[in-house]
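Reading through the structure tokens given below for one structure.
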Ligand code: 3PY
Ligand code: ZN
């Protein structure tokens, strides 16, 4: 180690050292407690075994059934939309999609399905294991939605993974199908507005690492907040799929704010702004079947772009909604394998395929293989039971509360964590009330989070709507709510409710420009230097992640130093640790597998520390862990 310290010392490297070099540099004798990859993993396993996974607590690892792997297809990889797109480029590809008679499917199993069902916790290892099989067995999809939305920060924050690495693995495994991500316009993959150059840089890197289709939306349907993203996606030669977020009910004449004309006007504006495809983003599952028919028909009349419809099953009507949309000529629809479908997720791809039997627009798919894929996802879903709590049956209350599918499971968890778990029905009602107080806004990340924060604030403090108006000047509103009324996410359609805005801002001035226009550009080289000094990675992707989520990125970097790359652990071990006497193989890289056996766990000493003894590649290894119970 001493020799390494000398060899790595900057003065030694640059030749600035004399005979007193060693005497003048006492730090050469400081040896960093470097641990090898295996030892770091043992520390993680020991900690999880003793203390449990954060948020779900210690539980003996259950006896899960073995994984049902889809069969290995010997057939060569069929060409798909990726080759078509690379050959035609965005404009011509968009025309090609428009000209298809058959409806195309986007598979959301890898992003929105698990974001909506179990708080985005699906680990890379469980996806990448079968991504290549999906590419072979289900090759004629429009796209795989596998990145963006909440997956970016959750990967770092809760799964201790590198989301960029996940994307690269997908690209390698799936060379024939377009890879799609969800991008929150000026909010990128975050919950706030970012400087324009941060958004552009992020898009450049996402494109470089493998994203083909960027579904761009804004949480207030503000085109102002999407221009930069659309422009950069187009600069990269990628597909700009731009979304109108659907809220309210075009069939309800008593609530005319978001009527059919509103969506038609917006779709035309998106076309003018450079969209290659128009997405209807029904993030809560509010689009009723007849409304879908009317809306898709109207948008098909209004623009010459393909229409890609996204919805959530929640109410139980979504597959019927898709059926009507297909009748109206929708070009692409979003679905997930059955085992990850329904509830707050997308409708089942398997069911939809069969549901279109006899319909002239039924796509040609390998239904048996889709079933095998679903069986696989069904076999790994129990691993996530610690976070997988949404009801599997339809709930039409979504038509009242209008909470996005991706928010539902998260807000419920959040409510539980602040002791409001038993007031969930009330929370859903107050959520609707808050939406109306805010002027009936589009609710999707991050605007939905603002409504959620205000809701929890009111329920927790037992505040009625009237209380807010009567004693608002004495209340300390959540930061996200104050920033929202300052205009930091932009301005909602038809503006803010002035009376409430005044109460919440307490004299603070709202910004009058697009949020991105008032944020200083970031100096990426400066950030690189900062990360270097802190001893973190300094790739462009790391810098981008740090610009979006400084604290999350730093915590992840520290975690990595301490525990290494835990993404290589199988999911039961990741969440539950090991049982005494159990042996697991851990492949840390191709051809390098560690064999780990848990031998015993001591009683805690008076400081609360336990010793966890493993057999590691045949050698005994003891790890000290503080028991936090
Ligand atoms: C996200 O922004 O993560 C969403 O899924 C919105 O629907
Ligand atoms: Zn969604």
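The values are calculated or read from the model by the stated rules, or taken from the named source; none is laboratory data. Since we're looking at a predicted model, the values are computed, not measured. Cβ coordinates were reconstructed from backbone atoms using ideal geometry, including for glycine residues, and neighbour counts include every protein chain displayed.
Brief remarks follow.
- Residue 472 vs. criteria buried (at least 17 other Cβ atoms within 10 Å of the Cβ), in a helix (DSSP H, G or I) and touching a helix residue (DSSP H, G or I) at 6+ places or on another chain (Cβ under 8 Å): no
- Residue pairs whose Cβ atoms lie under 6 Å apart, sitting 6 or more positions apart in sequence or on different chains, and linking a residue in region 383-412 that is touching a residue at least 60 places away in the same chain (Cβ under 8 Å) and within 13 Å of residue 451 (Cβ to Cβ) to a partner that is within 16 Å of ligand 2 (Cβ to nearest atom) and in a helix (DSSP H, G or I), are 404/448.
- Within region 89-118, if we keep just the residues that are more than 25 Å from the chain's Cα centre (by Cα) and either assigned to a loop (DSSP other than H, G, I, E, B) or under 14 Å from residue 154 (Cβ atoms) (or both), the residue that is nearest to ligand 1 (Cβ to nearest atom) turns out to be 103.
Here is a yes/no grid of residues against (1) modelled with pLDDT under 95; (2) surrounded by 14 or more Cβ atoms within 10 Å (Cβ to Cβ); (3) touching a helix residue (DSSP H, G or I) at 6+ places or on another chain (Cβ under 7 Å); (4) assigned to a helix (DSSP H, G or I):
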{"residue": "388", "(1), (2), (3), (4)": "yes, yes, yes, no"}
{"residue": "393", "(1), (2), (3), (4)": "yes, no, no, no"}
{"residue": "400", "(1), (2), (3), (4)": "no, no, yes, yes"}
{"residue": "406", "(1), (2), (3), (4)": "yes, yes, yes, yes"}
{"residue": "410", "(1), (2), (3), (4)": "yes, yes, no, yes"}
{"residue": "422", "(1), (2), (3), (4)": "no, no, no, yes"}
{"residue": "427", "(1), (2), (3), (4)": "no, yes, yes, yes"}
{"residue": "430", "(1), (2), (3), (4)": "no, yes, yes, yes"}
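- Qualifying residue in region 124-131 (condition: modelled with pLDDT of 95 or more, within 14 Å of the chain's Cα centre (by Cα), under 21 Å from residue 565 (Cβ atoms) and within 16 Å of ligand 2 (Cβ to nearest atom)): no
- Considering 168, 200, the condition of being part of a helix (DSSP H, G or I), farther than 25 Å from residue 484 by Cβ, away from ligand 1 (no atom under 16 Å from the Cβ) and in contact with a helix residue (DSSP H, G or I) (Cβ under 7 Å, 6 or more places away or on another chain) is satisfied by 168 alone.
- Checked against (1) modelled with pLDDT under 95; (2) touching a helix residue (DSSP H, G or I) at 6+ places or on another chain (Cβ under 9 Å), residue 255 passes all but a single condition, namely (2).
- Residue 139 being more than 26 Å from residue 156 (Cα to Cα), touching a strand residue (DSSP E or B) at 6+ places or on another chain (Cβ under 9 Å) and away from ligand 2 (no atom under 16 Å from the Cβ): no
- Boolean, residue 176 is at pLDDT 95 or above, outside any strand (DSSP E or B), under 17 Å from residue 86 (Cα atoms) and away from ligand 2 (no atom under 16 Å from the Cβ): yes
- Among the conditions (1) in contact (Cβ under 8 Å) with a residue 40 or more places away in the chain; (2) within 30 Å of residue 550 (Cβ to Cβ), the only one that residue 501 does not satisfy is (1).
- Subset tally (residues that are free of Cβ contacts under 8 Å to residues at least 12 places away in the same chain and within 28 Å of the chain's Cα centre (by Cα)) for region 67-88: 1
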